[in-house]
Every structure is written in structure tokens, then in C-alpha cells.
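I have placed the structure first, in the form of C-alpha cells, so that the comments after it can refer back to it.
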Amino acid sequence: MPVDYSGTWDIISNENFEAYMVALGIDFATRKIASVLKPQKVIEQNGDSFTIKTFTTFKNLTISFKIGEEFEDVTKGMDNRTCKTIVNWENDKLVCVQKGEKKNRGWTHWIEGDQLYLEITCEDKTCRQIFKKSA
């Protein structure tokens, strides 16, 4: 059985987010707002089915998927592009590949101890976020 990602996670670190947003083509004003937000993730996992909700004071985002099943993903709240998205297990990591206008786009989630790691990539830019499980 893979790792259980379920829980509420609070951001504690956000490295290279500005460069990642520039690679996505996000406008200056939105980047400035997004750079000061402290997102909280709520992950609901039922076997290979996931719902990941991201809450901020600016926007809330929800993505639902099943491992290994490609779906159309509109990246609302970020760059509002439509991608063909698939998430698979690689050992205990969730690895997402998004095919669309931007090259090398996707994300990887993994857990170490009570911390959730997220690396998001677009073109040649990678942002690393670290979340701590809420008490």
C-alpha cells in the first residue's frame, strides 16, 4: 500500500516560486499577490483516488484525479491553461505530467516524516514547497 497523503498541510517553505510563475507567464500583479500567500493543502485519499484542495486568502483550488487515468485539467487560479494531465506512483511519490502549451510541466509530491514536499516545474524553472502536517 502506498503512502497515505490524507491530511491538512500548512506551508513552511516556498523556494523559487517567483521564477516558476514567470515561466508560466503569470502577470506581475498576480505574481506579487501569490508570492505572499500562505497556502494550506487538504488532501483526501481513497486508495488511488485523490482530491487535493489548496486554500489561500486569494483563491481556492481543487483538483481530483485517479492514479494512472489521464484527464483534462484547466489550471484555474494559476495560468488558466488546459493541460492533459496524468498522475502516477513512482515508489511512494505522486508524479504528475501535464501536457499543453508549456514544456516540462508537472509536479511531484512526497512525504518525509511529518512534512509534505511539492516540486512544481514549468520549462526550466522548479519551485520547491514544503508543508508541515497540521496538528
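Scan segment 15-24 and give yes if some residue there is in contact with a Phe, Trp or Tyr (Cβ under 7 Å, 6 or more places away or on another chain) and under 22 Å from GLU90 (Cβ atoms), otherwise no. Taking every residue of segment 15-24 in turn, none turns out to be in contact with a Phe, Trp or Tyr (Cβ under 7 Å, 6 or more places away or on another chain) and under 22 Å from GLU90 (Cβ atoms). Every residue in segment 20-29 that is open to solvent by less than 30 Å² (accessible area, probe 1.4 Å) and small (Gly, Ala, Ser), please. Within segment 20-29, just ALA23 meets the criteria. Of all residue pairs spaced 6 or more apart or on separate chains, those with beta-carbon atoms under 9 Å, a first member in segment 16-41 that is under 30 Å from ALA135 (Cα atoms) and a second member that is outside any loop (DSSP other than H, G, I, E, B) and of a type in the set (Gly, Ala, Ser) are PHE17/ALA34; PHE17/SER35; GLU18/ALA34; GLU18/SER35; LYS41/GLY7.
The values are calculated or read from the model by the stated rules, or taken from the named source; none is laboratory data. Computed from a predicted model, the values in this text were never measured in an experiment. Neighbour counts are summed over all protein chains in view; Cβ atoms, including those assigned to glycine, are modelled from backbone coordinates with ideal geometry. We work out accessible area using only protein heavy atoms, side chains counted, and drop any ligands, DNA or RNA first. Shrake-Rupley method; radii C 1.70, N 1.55, O 1.52, S 1.80 Å.
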